[in-house]
Amino acid sequence: MRSGEFAAVLDEECSTWSNVALAAEITRRGGDVGHGYIAQLRKGRKDNPTRRTIEDLAGALGVHPARFVGGRRELHPGERPSWREHALRQLFDTADRPRSPEEVAAAIGSISGSYLRELLTGASDNPRLRHIHGLAGYFGVPAAYFFDADLARRVDEERTDLEAMRDLGVIEFATRLSERAPHLSARTRAAAIRAVTQALRTEEGERWSFDSPTVDGDGAS
């Protein structure tokens, strides 16, 4: 979900609310979003709210803040979701290679390296919607990752598995295999599948070499 879709989601969730009533409910809950700004968000005239505004709207409407970035709507009993302050550091720490805030900021374009450092250190914790989408897109995770702990847990597990496969050489091998696939015999392809399967079953800490004769034992290339 991109910022252009935010208005449609908000307008749908506000179907039984007036802008004035919603602003009053947000104020009652300790937030600060004016009814005029809500009206502009609903009409798409403003499309880059901060994460606090997203959370204020979600709290008053009784939905998960992930709803506004393409995630789930329903809350678990007793759940009080908010910005996951360590999520961005987790993404940096588990990236396929070290990356500087400046490098990431340059690739995203909608955020500065200095502000990214503030988010990483906790000096700032109120990024805007475009920042959230930009960071999610860069690291290849759903934007809801920054709000939804359940989703983040699954994503982190997948990223850990991906890193393990990278360490084992599975990803490199799969890339090499795809490049050579048109020239490989059926026997060699079957052997390659067995090699990948064995790599995934290898005990922790033990590496499987994809240069094993098993892969190209029939001499195909």
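The values are calculated or read from the model by the stated rules, or taken from the named source; none is laboratory data. Note that the structure is a prediction, hence the values are computed from the model and not measured. As a convention, Cβ positions derive from the backbone with ideal geometry for all residues, glycine included, and neighbour counts pool all protein chains shown. Note: areas computed on protein heavy atoms with side chains; ligands, DNA, RNA excluded. Shrake-Rupley method; radii C 1.70, N 1.55, O 1.52, S 1.80 Å.
Just one of the listed residues (31, 78) is open to solvent by 60 Å² or more (accessible area, probe 1.4 Å), farther than 22 Å from residue 155 by Cα and either assigned to a loop (DSSP other than H, G, I, E, B) or touching a Leu at 6+ places or on another chain (Cβ under 9 Å) (or both), namely 78. I need the full set of residues from the range 140-157 which are in contact with a helix residue (DSSP H, G or I) (Cβ under 6 Å, 6 or more places away or on another chain) and either open to solvent by less than 20 Å² (accessible area, probe 1.4 Å) or at positive phi (or both), in order please. Matches in the range 140-157: 141, 143, 144, 145, 146, 147, 148, 152, 155. Would you say residue 87 is out of contact with any Lys or Arg (no Cβ under 9 Å at 6 or more places or on another chain), buried (at least 21 other Cβ atoms within 10 Å of the Cβ) and among the small types (Gly, Ala, Ser)? Considered against the rule, which asks whether it is out of contact with any Lys or Arg (no Cβ under 9 Å at 6 or more places or on another chain), buried (at least 21 other Cβ atoms within 10 Å of the Cβ) and among the small types (Gly, Ala, Ser), residue 87 comes out as yes. When 66, 105 are screened for being part of a helix (DSSP H, G or I), of a type in the set (A, V, I, L, M), buried (at least 17 other Cβ atoms within 10 Å of the Cβ) and free of Cβ contacts under 8 Å to residues at least 12 places away in the same chain, only 105 passes. Taking the range 81-93 as the range and being in a loop (DSSP other than H, G, I, E, B) and free of Cβ contacts under 8 Å to residues at least 40 places away in the same chain as the test, only 86 passes. Would you confirm whether or not the range 45-54 contains a residue that is open to solvent by 50 Å² or more (accessible area, probe 1.4 Å), in contact with a Phe, Trp or Tyr (Cβ under 9 Å, 6 or more places away or on another chain) and within 24 Å of residue 113 (Cβ to Cβ)? Within the range 45-54, one or more residues are open to solvent by 50 Å² or more (accessible area, probe 1.4 Å), in contact with a Phe, Trp or Tyr (Cβ under 9 Å, 6 or more places away or on another chain) and within 24 Å of residue 113 (Cβ to Cβ).
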